[in-house]
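Coordinate-derived values only; no laboratory data. Everything numeric in this text was worked out from a predicted model, so none of it was measured. Reconstructed Cβ throughout: ideal geometry from the backbone, glycine too, with neighbour counts over all protein chains shown.
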Amino acid sequence: MMTGSTFTRHREIAWRGGRTTSTSRLVAEESAIALTYNGSTHAVMMGTPADLEDFGVGFSLTEAIVGRASEIRSIELISNELGMEVRMWLDGDRAAALAARRRAISGPVGCGLCGIESLEQARRTPSRVGGPGIAFHARDLLNAMQALSPRSVLSSKDFSSPTAIMPAERSAG
């Protein structure tokens, strides 16, 4: 069960029937989430900041960091301006086993966060795209949106999520 608000309503100006109209839509909330064990960051990923204790336990079980949820001594949720930290403390044997098997993922793949080891790295300032003479016109944006719409699973819904836009491409890779 999701707790708290995981969507934000954003006001927008939409192009409908050849004219602009004021409207709004629900946008799924995502933030950087760091999973740490005994003080060391193990993984950082983007996710909906809800049910994070369950997420931490599920990740720990799926990645075989623990064999049972009871091997996680405690879980703390730490929020700051960069994102969320799911801080987990493991029993002694599991902590030693994890330290011996330090996870290494080569990136960038997927969303680009694989291999990131801190919330600071996940929230770095992006480099500027484009340059002098580069301009986008309303028609360019409308054409791009029209091309995406038939391929979007959520095109008929009142919300959007960047991870649900083009499932054919995601499953083909």
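Listed values, structure above:
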| quantity | calculated |
| --- | --- |
| Inter-label distance for Arg73 and Ala100, nm, one decimal - labels placed 7 Å from Cα along Cα-to-Cβ | 1.9 |
| From phi via Karplus (6.51, -1.76, 1.60), per-residue ³J(HN,Hα) for region 50-58 in Hz, x at Gly/Pro | 9, 6, 6, 5, 4, 4, x, 5, x |
| Two-site FRET efficiency, Thr41 against Phe7, from Cβ-Cβ distance with R₀ of 25 Å, rounded to 0.05 | 0.35 |
| Amide proton proximity set for Arg73, modelled H, under 5 Å, gap of 5+ | Trp89, Leu90, Asp91 |
| Modelled FRET efficiency - R0 35 Å, Asp91 with Ser31, Cβ distances, 0.05 increments | 0.75 |
| Residues with amide H under 5 Å from that of Ala43, placed H, sequence gap 5 or more | Leu35 |
